[in-house]
Amino acid sequence: MSILTLPAIFQKQMTRSKKPKVEIDAAKHHDALARVDGGDQYKYDPTLTAAGCRKVGVRFMSGLFFCYVCQPNNTNKPRVWSSGKVCTELYLSKDKTTYRAVFNAQQCQVCDRYGRFKVKEKKYVDKVLDTFALWTGQREAYESEFHKSTGPHDSSRCYGCLKGICVGDDDDDADDGAYTKKNSKKNRRRRRR
Ligand SMILES: [Zn+2]
Ligand SMILES: [Zn+2]
C-alpha cells in the first residue's frame with residue numbers, strides 16, 4: 001500500500017461515519033433567523049412535535065444537495081444538484097414562541113442515496129418568518145399566484161413525498177390546514193392525486 005492511497009481510505013471512512021440524514025433539523029440556521037427583524041421573538045426547539053403546536057405545515061426551500069458517493073472522474077468532488085422545491089416541515093408552538101424546521105432530503109439520480117443538504121439560508125429565513133407572520137395573524141394570506149413556487153419536483157426522490165406530507169404547492173392556501181384535523185381528509189385526498 002503506497003502512502004498515496006491513505007487519503008482515499010480516510011475519505012471513505014469519513015463518508016461512512018457521516019451518513020447523510022433523510023430528515024435534517026434546521027437548528028443551525030436559527031442564529032441567522034434571530035438576527036433578522038422580527039426573528040428574535042422566536043426560540044428554536046428541536047423537540048417540538050405536532051401535538052404541541054399551534055400550526056404545522058410544509059414550505060418549499062431552495063438549496064444544494066451533495067452526493068459524496070458519486071465523485072465524477074475521481075475528482076474528490078461530490079456530485080451536486082440544486083433544488084428549488086425542498087420539502088420543509090415548519091412547526092410553531094401553541095404559545096407562538098418556539099419553532100422548529102425539518103428539511104426532507106432528496107435522493108441522488110445516479111446512485112439513489114440521499115444527498116447532504118445545504119439550504120439557501122437567507123431565502124429560508126425570509127420564508128419561515130413570512131409563514132409565521134401568516135400563522136400568527138400578522139399578515140393576510142397572499143393571492144396564490146404571487147406565492148406559487150414553480151420548478152420540477154421529482155416525487156420519487158423526495159423523502160417528504162415518501163412520507164406523504166409533500167403538498168405540491170407552496171401558496172398560502174396549500175399550507176393552510178395542512179396537518180390540522182379539520183382539513184386532514186381533504187389534504188390526504190389532494191396528496192394522492
Ligand atoms: Zn450519488
Ligand atoms: Zn416531495
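Observations on the structure shown:
- Here GLN71 and GLN41 are evaluated by their C-beta separation; at R0 = 35 Å the FRET efficiency comes out at 0.20.
- Peptides ranked, highest mean first, by Cβ atoms within 10 Å: ranges 33-43, 107-117: 107-117, 33-43
- Take each peptide in 47-56, 128-137, 97-106, count the other Cβ atoms within 10 Å of every residue, and average; sorted highest first, the result is 97-106, 128-137, 47-56.
- Judged by the mean number of other Cβ atoms found within 10 Å, the most tightly packed of the peptides 60-71, 155-166, 83-94 leads the ranking 83-94, 60-71, 155-166.
- 12 Å beta-carbon shell around SER93, net charge (K/R +1, D/E -1): +4
- Cα-based shape type of region 28-80, given that a ≥ b ≥ c are square roots of the gyration tensor eigenvalues and the cut on a/c is 1.5: prolate
Values quoted throughout were computed directly from the atomic coordinates according to the rules given, and no laboratory measurement underlies them. Values in this document were obtained by computation on a predicted structure and should not be read as measured data. So basically every Cβ, Gly included, is an ideal-geometry build from the backbone, and we count neighbours across all protein chains shown.
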